[in-house]
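Presented below is the structure to which this report refers.
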Amino acid sequence: MNKATVNNELLPCPFCGREVTIKKRCLKDWRGEVTMRYYRIACSCGAGTHKEYKTEKAVVNVWNRRARHG
Ligand SMILES: [Zn+2]
């Protein structure tokens, strides 16, 4: 069992070993209601996901896969 079955566990940065943060960006319509949310991961060393994802879970999955494999 080597699958990422742990939910929402965010691995530290593979480059500097520090904790990373999930950045959330919201798009709002003209009434100010949130229509879309985007998530990406950023580390203070400059590493992070290049893309934005629509769910927190998706971005955590992508990040963890990268963090494990370097
Ligand atoms: Zn880092």
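The table below gives the values:
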{"quantity": "In segment 12-24, residue surrounded by the most Cβ atoms within 10 Å (Cβ to Cβ) [restricted to those that are among the basic types (K, R) and within 16 Å of the ligand (Cβ to nearest atom)]", "calculated": "K23"}
{"quantity": "Close pairs (7 angstrom Cβ cut-off, 6 or more residues apart or separate chains): of a type in the set (F, W, Y) in segment 48-67, in a helix (DSSP H, G or I) anywhere", "calculated": "Y53/V59; Y53/V62"}
{"quantity": "Residue within segment 25-45 that is more than 16 Å from the ligand (Cβ to nearest atom), closer than 21 Å to H69 by Cβ and modelled with pLDDT under 95 present", "calculated": "no"}
{"quantity": "Lone unmet requirement of (1) modelled with pLDDT under 95; (2) away from the ligand (no atom under 16 Å from the Cβ); (3) under 11 Å from the mean Cα position of the chain (by Cα) for H50", "calculated": "(2)"}
{"quantity": "Checklist (1) outside any strand (DSSP E or B); (2) in contact with an Asp or Glu (Cβ under 8 Å, 6 or more places away or on another chain) applied to R68, failing item", "calculated": "(2)"}
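The values are calculated or read from the model by the stated rules, or taken from the named source; none is laboratory data. Model, not experiment: these values are computed from the prediction. Ideal geometry is used to build each Cβ from the backbone, glycine not excepted, and the neighbour counts take in all protein chains shown.
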